[in-house]
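Please read the structure below before turning to the comments.
A short reminder: the numbers here are calculations on the coordinates, not readings from a lab. Worth saying up front: this structure is predicted, and the values here are computed from it rather than measured. Every residue, glycine among them, receives a Cβ derived from its backbone with ideal geometry; neighbour counts consider all protein chains shown.
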Number of protein chains: 2
Amino acid sequence: MDNSGVFTEPHAHGACGHHVLGDDCRFCSIRRLSVCSALDPDELSFLEDMSGDAAFEEKSTLFRQEDEAFSVYNITAGVVRLVRSLSDGRRQITGFALPGDFLGLALEKSWKFTAEAVTDVKACRFKRSTFDDFSEKKPHLMRRMHEFATHELSLAQDHMVLLGRLTAEEKIASFLVTMKRRWTRVEGHELGLIRLPMGRQDIADYLGLTIETVSRVINQMQRDRKLVIVPDGIRFVDADYFEHRALA
Amino acid sequence: MDNSGVFTEPHAHGACGHHVLGDDCRFCSIRRLSVCSALDPDELSFLEDMSGDAAFEEKSTLFRQEDEAFSVYNITAGVVRLVRSLSDGRRQITGFALPGDFLGLALEKSWKFTAEAVTDVKACRFKRSTFDDFSEKKPHLMRRMHEFATHELSLAQDHMVLLGRLTAEEKIASFLVTMKRRWTRVEGHELGLIRLPMGRQDIADYLGLTIETVSRVINQMQRDRKLVIVPDGIRFVDADYFEHRALA
DNA sequence: GAGCGGCATTGATGTAAATCAAAGGTTGAG
DNA sequence: CTCAACCTTTGATTTACATCAATGCCGCTC
């Protein structure tokens, strides 16, 4: 099924027609953020040998809910939306994966959500069985995975508060503040603007709102001089307002 | 700070004035459901030696968000609500812990939520540092904890769909179906009624609704002959209706 | 640079659930 | 048994957000 340590994924498409071995992990710019930060140089090079680069075009699907999880991924560039859909078309986005985020924490055979590339995406891909065997032998990697999982759980609980108890305005403010923090962490320094590569519909599906409400609230904030809308994102004008209004 | 393996918790109250060593784990009725099912007899007896029974009266607090997490708990009897509160009093209940559930998966020093006893509660308590050391040395216990964490994460995502995208009627139906499944698992067999030891306000705070809406929807379901309200719970009349309406 | 397709915005209207406001029930103390 | 405290239920009214319906605004392709 594969040769020379390179393997293919049944549902791979887009720019992903061929694979190259992973770039050198030692120079990986998001390593400090990722599960790999738990590893020493020897382990890192072992992991590197069993990894492959994967690229996904904007709008392509990394994997679908219910698909068998042959691979796990470390996102190295771009943004992925994690989606749960109801049979009648209603969607809830449970999260956006940014560089450094790991997809495949669960130890189950099948994916519990669909992952779609919001922008062009690059990821470090591992064959699941190999990765699991490795983490079985490396307690600090397993521990790191567990830390990631419990951190995600805490974020999920924050998001429950947001979905269940915040107003539309508070939801948008919380989302923007969170995105600002996350991008700052990924980029390593504060940017003037807050990147919003996802569309208004995605934001709506993440916050449990409609696209019209998201548009209205953001534009009202602009009229109220709280922010300015710029290409590919927004810029805070009144940062205090946002810190005060973001509760989750 | 403690003697003969028995330790005290700074915030322990209620019926918890003194401790006895844990009951015999071999006869623990919820072991098959708990993290302990990963352990062999030797490990179990080691764990038993480092555990203590804890009891909490109805309405008492097991621990508060931000408190330092000195202990971790395995719930053996009763129901605990896990609460996140906003400064203005709005509450979101992120989950109800039933027998077999574990509190303390996170590896962080402080609790990320408040835990309150809905009924009288019994729990198997471990000193956190001891438990962590033990799981560090026992990969399959760590793995089991990780399985619990990722399972919780998946449930949290289900709950996000519920909070963000379901109607009040769908939320109630989903809640009832879930409680039925969970109690059946805990009791080991199907009961005629679905126990609802928590009050209407708790259900509302779990589903992101108000108490009035919860009351109205449940009573409307009764008028529509979908269920009957009984002391301490409800009974399904039209189980098909619920299976069909519960989406998360 | 005309036309098209895919978002985003804006306005008018509708509605599910919140809020406000009383009653009813149930429990337990005295 | 009576009373009080605390839930829960029910009804009337309001409202935040959804829905329905255009219109505007790019960035493509040809």
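Helix content alone sets the calculated 222 nm mean residue ellipticity of chain A: runs of n ≥ 4 DSSP H residues at -39500 (n - 2.57) each, divided across all residues, give -12000 deg cm²/dmol.
Measure up A:LYS138/B:LYS137; A:LYS138/A:LYS180; B:LYS122/B:LYS226 against 22 Å on the Cα-Cα distance and list the ones that go over.
Numbers: A:LYS138/B:LYS137 11 Å; A:LYS138/A:LYS180 34 Å; B:LYS122/B:LYS226 34 Å.
Check vs 22 Å cut-off fails for A:LYS138/A:LYS180; B:LYS122/B:LYS226.
Within the protein assembly as shown, the proportion of C-alpha pairs whose separation exceeds 37 Å stands at 33%.
Shown for A:THR184: label points 7 Å from Cα along the beta-carbon vector, and their distances to the equivalent points in the other copies, 4.9 nm in ascending order. One decimal place: the segment B:HIS151-B:GLN65 gains 28.8 nm when fully extended, by the rule 0.36 nm per residue minus the C-alpha distance.
If R0 is 51 Å, the Cβ-Cβ spacing of B:ASP42 and B:VAL228 corresponds to a FRET efficiency of close to 0.55.
For the residues of B:81-93, the average number of beta carbons from a partner chain within 10 Å of their own beta carbon is 3. Summarising the label geometry, the points placed 7 Å from Cα in the beta-carbon direction at A:THR210 and B:LYS109 lie 4.8 nm from one another.
Could you tell me the relative contact order of chain A? Use alpha-carbon pairs under 8 Å, at least six residues apart, and round to a whole percent.
Values: 403 pairs, mean separation 44.5, N = 248.
Once divided by the residue count of chain A, the mean separation gives 18 percent.
Label-to-label distances for A:GLU212 across copies, nearest first, come out at 2.5 nm, using points 7 Å from Cα in the beta-carbon direction. Computed over the range A:81-183, the percent of Cα pairs more than 16 Å apart is 68.
Each part reduced to its alpha carbon centroid, the range B:208-241 and the range A:161-229 end up 37 Å apart. Counts of other chain beta carbons within 10 angstrom of each beta carbon in peptide B:138-150 average 6.
Per-residue mean of foreign Cβ neighbours for A:163-169 is 6 (Cβ atoms of other chains, 10 Å radius).
With an 8 Å Cα cut-off and a minimum separation of 6 or more residues, compute the relative contact order for the range A:14-158 in percent.
Numbers: 264 pairs, mean separation 43.9, N = 145.
Relative contact order for the range A:14-158 comes out at 30 percent.
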